[in-house]
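J.: Can you read through this structure? Questions will come right after.
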Amino acid sequence: MSRAQAFQKRRWICLAAALVICVCAGFGYAWSVLQNPIVAAHGWPEGQVSLAYTVTVVCSTMAPLFFGGLIRRISTRMCIALGAVLFGGGLFLTGAMTQLWQLFLFYGILSGLGCGFIYPSMMAYVVRLFPDRSGLASGLGTAAYGSGAILWAPTSAVLMNTFSLAWAFRILGILFLAVILAASLLLAEPPEGLREALCPSSERTASPEEGGLCRKQMVRTPAFYLIAATFTCGLIAGVIVISQASPILQATLSYRAERAAVFVSVFAACNMAGRFVWGSLSDKVGIRNTMAAVFVLCIASMLLLTVGEQDVLILAAMGLAASCYGGFASVLTPLTAQTFGPKYITENYGVMYVVFGLASLIGPSLATTFKTVGNGSYTGAYLSAAALAAVGLALSRLLKPVSCKGECYGTE
């Protein structure tokens, strides 16, 4: 029995460990239950506190760009260990913050960079584990990451009520550091020849690795900027809901923080479900048609939030927006491969991942700004997000694959 054949059973253990790591890294989706307690505990302006979430997402999306060479040179286990130290350590230090800049440094930069080392590496890893079931593996990975708030939002609320805000950060920091490091010990590098052993030769021929633009070539094409603008416009609505869910529910529906935390988990489940549903649909009706449907529903969800007054309608609209966010996340990877070719998909996706950071720069700022000028109303933010989604819908109809001829030189 070859090493590749013997590895087939062990890879399921590796996948389980990777999913545990992704769930821990998805803690950032629980931010909305942390924002108001931070404001109340320290008296800092809400608009400035909300920027910490933006800093976290930006750092996590930029990490593969600035540290891509390091990530490629070290082992997966070492990369995850480094990310665990930054991620868990950043959260632990957040528990000791006394000034606003420390929130940005510890929670925003350190934990954000840690997440940037962990999540993209895990996504590439699970696909290498299952070259014969890459869609299943990537779907499980993104869903595990997106489902983080289902567990961590109520957990954070309980810890803050039982102990304090500071100790909640310290406990979670230690927990994530220990769990991620322990899970990383179960990771093993896939042996050479695994793809050949698992995939029929006809399948390998149908999905060639040849052809494609590398990162340097991709960023010189108009298609790159078109995709970036399209997804940024579409993701903003979901970012508003995911990052501001608890404050929105407390301000709009007068929910207590504990009850709002429950719905943060519900919206995280909608985000996770959207990744499965929309990703599966794109295989049947095509990526462009799927994106059009997601954009239309995204616009509808924002318009419903502007006119909705009943709890059920508002909650349904927020859940729909969260599922649309998951839908955009599920089609970005295959669209990148379809547009620029599959050969350099790992590094190209690392660049395209920046759209999540761009949306996170805009979304929370829109929400807090319009809440301030609108005397607690988020209507202006909803209308702005709907307008941007309409722009994204128009841009999405212009997307086309680019020519992938020629070799890419000068890459690492």
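J.: By count of other Cβ within 10 Å, fewest leading, how are 332, 181, 165, 249 ordered? Don't jump to the answer; show the numbers that get you there.
T.: Details: 332 22, 181 16, 165 19, 249 25.
With the sparsest Cβ surroundings first, the list reads 181, 165, 332, 249.
J.: Given Cβ point charges of +1 (Lys, Arg) and -1 (Asp, Glu) and nothing else, what value in debye, to the nearest 20, does the dipole of region 235-347 about its Cα centre take? Walk me through the numbers before you get to the answer.
T.: Working: 6 positive and 5 negative charges, 44 e Å.
Charge dipole of region 235-347: 220 debye, to the nearest 20.
J.: Charges only on Cβ, +1 for Lys and Arg, -1 for Asp and Glu: so what's the dipole of region 211-399 about the Cα centre, in debye to the nearest 20?
T.: That gives region 211-399 a dipole magnitude of about 520 debye.
J.: On to the next question. To test your reading of the geometry: what angle, between 0 and 90 degrees and rounded to tens, separates the Cα axis of helix 46-66 from the longest principal axis of the chain?
T.: In the chain, helix 46-66 runs at an angle near 10 degrees to the longest axis.
J.: Same structure, new question: Neighbour counts of other C-beta atoms within 10 Å: give me 180, 314 arranged from fewest to most.
T.: 314, 180
J.: Between the helical axis of 111-129 and the dominant principal axis of the chain, each derived from Cα atoms, what acute angle in degrees is found, rounded to the nearest 10?
T.: 40 degrees
J.: What size of dipole, in debye to the nearest 20, comes out for the chain about its Cα centre when the only charges are +1 on Lys and Arg C-beta atoms and -1 on Asp and Glu C-beta atoms? Let's see the in-between values first.
T.: On the way: 25 positive and 15 negative charges, 113 e Å.
Value, rounded to 20: 540 debye.
J.: Calculate I(q)/I(0) for region 225-324 by the Debye formula, one identical point scatterer on each C-alpha and no solvent, and give its log10 at q = 0.14, 0.18, 0.24 Å⁻¹ to two decimals.
T.: Result of the Debye calculation: -0.53, -0.83, -1.28.
J.: What percent of all Cα-Cα pairs in region 211-399 falls into each 5 Å bin, going from 0 up to the bin containing the maximum distance?
T.: The calculated distribution, bin by bin, is 1, 9, 17, 21, 20, 13, 9, 6, 3, 1, 0.
J.: Compute the angle between helix 379-396 and the longest alpha-carbon principal axis of the chain, please, reported from 0 to 90 degrees and rounded to the nearest 10.
T.: It works out to around 20 degrees.
J.: Next question, about the same structure. Based only on other Cβ atoms within 10 Å, what is the fewest-to-most ordering of 378, 225?
T.: By the 10 Å Cβ count, ascending: 225, 378.
The numbers here are math on the coordinates, done by the rules we state, and not lab data. Since we're looking at a predicted model, the values are computed, not measured. Counting neighbours? That spans all protein chains shown, and the Cβs are built from the backbone with ideal geometry, glycine included.
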